[in-house]
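Throughout, read-outs are computed from the coordinates displayed, never taken from laboratory work. From a predicted model like this one, the values you see are computed outputs, not experimental measurements. Neighbour counts are summed over all protein chains in view; Cβ atoms, including those assigned to glycine, are modelled from backbone coordinates with ideal geometry.
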Amino acid sequence: MKDLDRLKEIENEMNSPTFWNDKGSADKILKEYRELKSGSSDEYKDSCAVFTIIAGVGGDDAEDFARMLFTMYFKFAEKNNAEVCILSKNQNEHGGYKNISFEVKKRGLYNKIKSETGVHRLVRISPFNSKNQRHTSFAFVDVIPLLTKFKTLNIPEEDFRFEFSRSGGAGGQNVNKVETAVRAIHIPTGLSVRVENDRTQLKNKEKAVEILECKINKLLKEKMTSKISDLRGVKQDIVWGNQIRSYVIHPYKLVKDHRTGVENKNPDAVFSGEIECFFS
């Protein structure tokens, strides 16, 4: 009980708006928190997952690759009886995505799929090139937990900034004339979330804050250099050399995870949602 009591004390301290005023003290407290948590139950064991996919180098091909990845995760979710809710999307005239964020609603899914975070690479004959040349595209996938049992952080209202815009449709067209889309920004960390799926600005604002607080919560509890760069946004270049997985459709067929060495010679099956073999 002593450890649990101390964990609660630390969590209360972390919720304080002045927690980061003394960086040295905060680092010591976070180190103690991690040590107390090791061996304890996983706080993310019941968490759903929120995905963000961002097209990288490759133009229309990269944006189409982002679409392919979204379809892959959507089909994986279907196979696992999980509901998918699109939060925001920036779609081009070909149906590809410059970026897309979506929630996959199933308890415990985050721990299963969290290793998908990273740069993904596609090699194929470009459907957008009249010369039928081979093309390499990149996209970044980010996965964060959406906590099912989450105590709201005591974040001062002035630490948030909100931007409002119209929800966008394919080809940059507006699907409505009201500024219902909301981007919530946490000023001290630079973290931001955009939500546009609901018809009302208030609902989108509430959802954006909910997801943003989950990002901040994870940042506080996993404060390490590599984690901070991940949670602040896409800091690593979405280019050759940084990929965690390659999907090759031409000149041969192979999907390879570069961290685990796992290979699958059936890209069609992978893009149909059969991705569990790659989970580490």
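Using modelled backbone amide H atoms (1.01 Å from N, in-plane), which distant-in-sequence or interchain residues come within less than 5 Å of Arg245's amide H? The answer is Arg121, His258.
Ranked by the mean number of other Cβ atoms within 10 Å of their residues, highest first, the peptides 87-95, 199-207, 65-73 fall in the order 65-73, 87-95, 199-207.
Taken one residue at a time, the phi angles of the stretch 9-24 give Karplus couplings (6.51, -1.76, 1.60, θ = phi - 60°) of 4, 5, 4, 5, 5, 5, 6, 6, x, 9, 4, 8, 4, 10, 4, x Hz. Gly and Pro are set to x.
Grab the other residues whose beta carbon is less than 15 angstrom from that of Leu254, score K and R as +1, D and E as -1, and report the net. Kindly include the intermediate steps, with their values, before the conclusion.
Details: positive: Arg121, Arg124, Arg134, Arg245, Lys253, Lys256, Lys265; negative: Asp257, Glu263, Asp268, Glu274.
Local net charge: +3.
Once the Cα-Cα distance is subtracted from the 0.36 nm per residue extended length, the Asn15 to Cys277 segment shows a gain of 90.5 nm. By the beta-carbon count within 10 Å of each Cβ, the least crowded to most crowded order of Cys48, Cys85, fewest first, is Cys85, Cys48. Annotation: amide H of Ala49 within the under-5 Å range of Val104, Lys106, Tyr110, Leu146, sequence separation 5 or more or interchain, hydrogens built in the peptide plane. Residues whose amide H lies under 5 Å from that of Gly56, counting only those 5 or more places away or on a different chain, are Phe138, Ala139, Phe140; hydrogens are built 1.01 Å from N in the peptide plane. With 0.36 nm allotted per residue and the present C-alpha distance subtracted, the Glu206-Glu35 stretch has 58.2 nm of extension available.
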